[in-house]
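Only the coordinates and a few stated rules stand behind these numbers; no lab work does. Nothing here was measured: the structure is a model prediction, and the numbers come from that model. Every residue, glycine as well, gets a Cβ built from its backbone with ideal geometry; the counts of neighbours run over all protein chains shown.
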Amino acid sequence: MPPMLDVSAEVRAEIGEEEATRLLAGDNAPGTYDCTSCRTPGDTGHERTSTVLFVSDETAVLAFAHATCIPSQVVPVSEEQLQGAVRSFAADEAAGGTASVLVEGARETGTTGTPRQAVLGITCGLVLVEGVLRPALVVEPTGAISRPGSTAAGDDFLPLMIEQGFMPQLDVAVPPPALSGWSVLLAMGQLHAVLQPSATGGPAVSWWQAHQPLQVSDGWRGAVSRTNEVYVYAAPADSIGRQPREDLMRDALERAAARGLLVGATMPLSGT
């Protein structure tokens, strides 16, 4: 029986029609695999499986994932990222952590009033909501955010997030509403990006993208594999902080919510 493989048009275009035909016929497809997203076992003979092609300037690696975890797609990465991801196939070492990235278009205003490129920090953690541990991302800038083109002082981060579709989160015990068109890209067991709809109607584009894939904990991966959803919270600078434990992060989220400084959204685990 041929494997139950999904090969998207973009993957097919990269690997060529001949190789795609061999994959679909089972010639080069594995019987079993470790899902490149949730890192749990999969079986191409019994469940829908996505082909995920990681490409850099010099290398391409074809990986496999549960179709319920991530769709078949091409994921551009740097050569260094790709080599590190290849090594992660052999050694599944994961730990919680944070990352800071640049966000195009927004600006951070320093103490001198000179605008700089905005830097966002993202922290992965588990949040107890309705009695269940949910995978969450907490987004917090390193400083006040002004609107593109604005020279006024102040922090426009929350209004900008609400304009993007995030909703005020007044109670952390309540799930944030779904945000249509947005998604979280987890691949090879690592966090790569938060994607938003393209303004031109094309494929989704990165709203946040890690300089290097962000490791997440086994518990976070396990939780997201059960729901395929991520709670994404955002708050202005100095509202949450880099908390060393998840219970402290929860306390900080609740304080921000009580002060009206927290917005949130629920996003599916997927990407393009």
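Worth a mention:
- Once the Cβ-Cβ distance of residue 48 and residue 14 is raised to the sixth power relative to R0 = 30 Å, the FRET efficiency obtained is 0.90.
- Taking each residue as 0.36 nm, the span from residue 133 to residue 163 lengthens on full extension beyond its C-alpha to C-alpha distance by 8.0 nm.
- Added length on full extension, which subtracts the Cα-Cα distance from 0.36 nm per residue, residue 170 to residue 155: 3.4 nm
- Phi to ³J(HN,Hα) by Karplus 6.51 cos²θ - 1.76 cosθ + 1.60 over region 40-50, Hz, x for Gly, Pro: 9, x, x, 9, 5, x, 10, 8, 4, 10, 8
- Per-peptide packing, taken as the mean over residues of other Cβ atoms within 10 Å, places 179-188, 20-29 in the sequence 179-188, 20-29 from highest down.
- Ascending count of other beta-carbon atoms within 10 Å, so fewest first, for 126, 191: 126, 191
- Taking 1.567 mPa s as the viscosity and 4 °C as the temperature, the Stokes-Einstein diffusion coefficient of region 135-218 based on its alpha-carbon Kirkwood radius rounds to 86 µm²/s.
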